[in-house]
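Okay, so here's the structure we're looking at.
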Amino acid sequence: MTSTSEELGEIDRIHDEAPEQAAARLRTLDLSGLPREQAPLAAFLFNHVLGEKFGDWHDAAQRIDRLRHQLSEVPPSVLVHAAVADELAGHGASEVRAALVAASSEAVAACAIGLRRLSFTQEQMDIATFAATLRDLAMCTAMLAQNTGLDTQLAAGLNNATSRLLDLNPDVRDPVVREALQAGAAQALRFWQAAGTWVNHERALYLLALAANRVGAFAQARDAAMQALEVIAANGSEDVDRAFLLLQLAGAQQHIGDESASRTALSDAKAIAATWTEAWLTEWFATEEARLFGAPTAENDRC
């Protein structure tokens, strides 16, 4: 017999490729048997599948409401998901939003809810609107002190939105896009430094290097990549992360004019990537390499 935890995991696995099936299974999910640590995933899937994919925000809000009322201690991420679902269902002045404000402040709650809402409504926006919204939210978070009680939610929201904007391949000549990428990455790093693990910290530095290289701030990209590599060296082993960081470092160094250092970093990155067996990982590396250095040539392949 499949447990609730296993069923949720299977729904998570199929929700993008089979959203109709995922929605049907979410509607029959036995929340009473769900472990507390999986409540954030359930809340996310209610919003992402029922709300974002099918527009049924009323159903998503009701199900998250039932989920949170059966928990003796509600994770902050579930509260934020609940507030977003309430807003998108047309109930902005909800009980859960008031609880978030009481636990932090109006400004903190507004930023955390706004960032999470952005992730569920991005596909309804053009790139310019998405960038402007992210920029405004990042500037909002820049005014907040750390240790808000929602630092992790702010960090994750900034990280995810900035990464998504990069994935959309925006026109970085647009000053709003540039501001959104730089402010989003910088504030994600600030809040991950306050609330995250060392892995969160080094990946936030990677995002900063990625954004900086994209907008042409090559010295900043170099420094962020080097700091991230130092974090890894001091704490553990993350070879996949190291390869992508070395790639960003190599790109920044080339643009700065340090050709020797660039060749060394690129060679080290490729040596790690050559050990991978997952096709998607190899393809991702090749895409980032082409973005930084152009399409590979036979001569480049011999480097």
| field | Options Asn235, Asn213, Asn200: the member that is touching a helix residue (DSSP H, G or I) at 6+ places or on another chain (Cβ under 9 Å), polar (S, T, N, Q) and under 21 Å from Arg173 (Cβ atoms) | value | Asn213
| task | Mind telling me which of the residues Val49, Val101, Val74, Val96 ends up being in contact with a helix residue (DSSP H, G or I) (Cβ under 6 Å, 6 or more places away or on another chain), without any contact (Cβ under 8 Å) to a residue 40 or more places away in the chain and in a loop (DSSP other than H, G, I, E, B)? | result | Val74
| Any chance the stretch 227-238 includes a residue that's surrounded by 24 or more Cβ atoms within 10 Å (Cβ to Cβ) and without any contact (Cβ under 8 Å) to a residue 60 or more places away in the chain? | yes
| query | Which residues, taken from the stretch 196-214, are crowded, with 20+ Cβ neighbours inside 10 Å and among the hydrophobic types (A, V, I, L, M, F, W, C)? | reply | Ala204, Leu205, Leu207, Leu208, Ala209, Leu210, Ala211, Ala212
| Inside the stretch 172-196, can you point out the residues that are outside any helix (DSSP H, G or I) and without any contact (Cβ under 8 Å) to a residue 24 or more places away in the chain? | Arg173
| request: State which residue is farthest from the chain's Cα centre (by Cα) when the search covers only the stretch 142-159 and only residues that are in a helix (DSSP H, G or I) and of a type in the set (Gly, Ala, Ser). | output: Ala142
| remark: Taking the stretch 52-71 and the residues there that are outside any helix (DSSP H, G or I) and hydrophobic (A, V, I, L, M, F, W, C), the one that is modelled with the highest pLDDT would be Phe54
| remark: All-but-one check, Leu137 against (1) more than 13 Å from the chain's Cα centre (by Cα); (2) free of Cβ contacts under 8 Å to residues at least 60 places away in the same chain; (3) farther than 30 Å from Ile232 by Cα, failing number (3)
| query | Based on what the data block shows, is Thr133 of a type in the set (Val, Ile, Thr) and crowded, with 17+ Cβ neighbours inside 10 Å? | reply | yes
| message | Going through Ala85, Ala138, Ala93, Ala89 one at a time, which residue ends up being surrounded by fewer than 23 Cβ atoms within 10 Å (Cβ to Cβ), at pLDDT 95 or above and among the small types (Gly, Ala, Ser)? | response | Ala89
| said: If I filter the stretch 116-130 for residues that are at pLDDT 95 or above, small (Gly, Ala, Ser) and farther than 28 Å from Leu26 by Cβ, do I get at least one hit? | reply: yes
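Here is a yes/no grid of residues against (1) surrounded by fewer than 17 Cβ atoms within 10 Å (Cβ to Cβ); (2) in contact with a Leu (Cβ under 9 Å, 6 or more places away or on another chain); (3) more than 20 Å from Leu210 (Cβ to Cβ):
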residue: Leu100; (1), (2), (3): no, yes, yes
residue: Ala103; (1), (2), (3): yes, yes, yes
residue: Thr129; (1), (2), (3): yes, no, yes
residue: Ala185; (1), (2), (3): no, yes, no
residue: Ala188; (1), (2), (3): no, yes, no
| What about Ala107, is it more than 24 Å from Ala180 (Cβ to Cβ) and either assigned to a helix (DSSP H, G or I) or in contact (Cβ under 8 Å) with a residue 12 or more places away in the chain (or both)? | no
| Within the set of pairs 6 or more residues apart or between chains, which connect a residue that is modelled with pLDDT under 95 inside the stretch 278-290 to a residue that is small (Gly, Ala, Ser) and part of a helix (DSSP H, G or I) with Cβ atoms less than 8 Å apart? | none
| remark: Of the residues in the stretch 35-45, those that are of a type outside the set (Lys, Arg), over 16 Å from Arg13 (Cβ atoms) and assigned to a helix (DSSP H, G or I) come to Glu37, Ala39, Pro40, Ala43
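Just for the stretch 162-180: of the residues that are under 16 Å from the mean Cα position of the chain (by Cα) and among the hydrophobic types (A, V, I, L, M, F, W, C), which one is surrounded by the most Cβ atoms within 10 Å (Cβ to Cβ)?
Ala180
The values are calculated or read from the model by the stated rules, or taken from the named source; none is laboratory data. Everything quoted here is computed from the prediction, not taken from an experiment. Using ideal geometry, Cβ is built from the backbone for each residue, glycine included, and neighbour counts are taken over all protein chains shown.
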